Amino acid sequence: MIKAYAAFEPGEQLQPYEYDPGSLGVEEVEIAVEHCGICHSDLSMLDNEWGITQYPFVPGHEIVGVVVDKGALVHQFNLGQRVGLGWHSSYCMTCTTCMSGDHNLCAHAEPTIVGRHGGFADKVRANAASVVALPESIDAQTAGPLFCGGITVFNPLLQFDIQPTARVAVIGIGGLGHIALQFLKAWGCHVTAFTSSEAKRTEALELGAHNTLNSKLPDELESAAGQFDLILSTVNVSLNWNAYLATLRPKGRLHFVGATLEPLNIAVFPLILRQNSISGSPVGSPASIRAMLDFVAQHDIRPVIETYRFDQVNEALAHLAKGDARYRIVLSH
């Protein structure tokens, strides 16, 4: 039996829950969970905001733990090896995107917390192809958020071949943005943080930004006209996107990793004149996650976390829902 924390109705508090996972698949691994980050996607799923949650619902998809069992066809991991598991728990492994190495774009990929139970538990199972070994030099407690939030902001650097000479701006210095600043600084970019919070200006500079711009002040946005090769938006709110587009250089890109829910109101003519691009991306493939972990180990990058025990899960979720987390929350056994 696996002991977990589950909700039985939308928005309900989590409570202890046990379930029988059945026989271990020949391509699966069973992971004893040590730490599990909490992501805003866990809150969205808990409240069934996307209409796909199945109850009882066990959240958790930023998992770090050790392999305690493995199927007969799993040869890439050893028992006792420390690994991580993120948003996806399996892929079809036969479609064009999987065969091209873009497993994260597989139309049949199985999310870790959609239709299955996640990592707010003592153990979790997943297909071995979606599990990634954690380098020994990376701190296990802070590593969980890398497997969702971290790879979400690292993936665009690979996908768009961002150069170390690029000038990059980040919108939103929160759970995603604070990791993006660290990645971009280590990547070699000149980094600007857009933030509407005066309190976060100093924090942004400490995390790797070379300078900050207050997005509430039109004059500051106008002063940045034509400066950036890439703007990375990590927020889920609607902003004056045309004002941000005006800060792009020719051929610059506005890229979304935050799930802005409202349609974008974009003036197309300036896009044409400057040959700008608007794009978005999800989490990365297992290969991209491995590359990110190597980069993290090389540059000693760590998400800034607050920690709670697993039996404090409801307190932790409430803290995140209020927007008080600085910057990611991790549950630890």
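Could we say that F120 is of a type in the set (A, V, I, L, M, F, W, C), touching a residue at least 60 places away in the same chain (Cβ under 8 Å) and over 30 Å from L205 (Cβ atoms) here? So F120 passes the test. Selection within region 194-212: residues that are under 24 Å from the mean Cα position of the chain (by Cα) and of a type in the set (D, E, K, R). The member of this set that is surrounded by the fewest Cβ atoms within 10 Å (Cβ to Cβ) is E206. The set of residues in region 51-65 that are of a type in the set (V, I, T) and either open to solvent by 30 Å² or more (accessible area, probe 1.4 Å) or not in a strand (DSSP E or B) (or both) comprises I52, T53, V58. Note on region 200-225: residues that are more than 23 Å from L158 (Cβ to Cβ) and touching a residue at least 24 places away in the same chain (Cβ under 8 Å) total 9. Of the strands (runs of 3 or more DSSP E) that lie entirely inside region 213-308, those containing 1 or more residues that are polar (S, T, N, Q) and surrounded by 13 or more Cβ atoms within 10 Å (Cβ to Cβ) span 228-233, 277-280. Scanning region 309-333 for residues that are out of contact with any Ser or Thr (no Cβ under 7 Å at 6 or more places or on another chain) and of a type in the set (K, R), we see that the one that is least open to solvent (accessible area, probe 1.4 Å) is R328. If you go through region 6-40 and keep only what is open to solvent by less than 50 Å² (accessible area, probe 1.4 Å) and hydroxyl-bearing (S, T, Y), you end up with Y17, Y19. Name the single residue that is farthest from H35 (Cα to Cα) among those in region 94-117 being in contact with a Cys (Cβ under 8 Å, 6 or more places away or on another chain) and in contact (Cβ under 8 Å) with a residue 12 or more places away in the chain. Out of the qualifying residues, it is C95.
The values are calculated or read from the model by the stated rules, or taken from the named source; none is laboratory data. Computed from a predicted structure; not experimentally measured. Note: ideal-geometry Cβ built from the backbone for every residue, glycine included; neighbour counts use all protein chains shown. Keep in mind that these areas ignore ligands, DNA and RNA; they rest on the heavy atoms of the full protein, side chains included. Shrake-Rupley method; radii C 1.70, N 1.55, O 1.52, S 1.80 Å.
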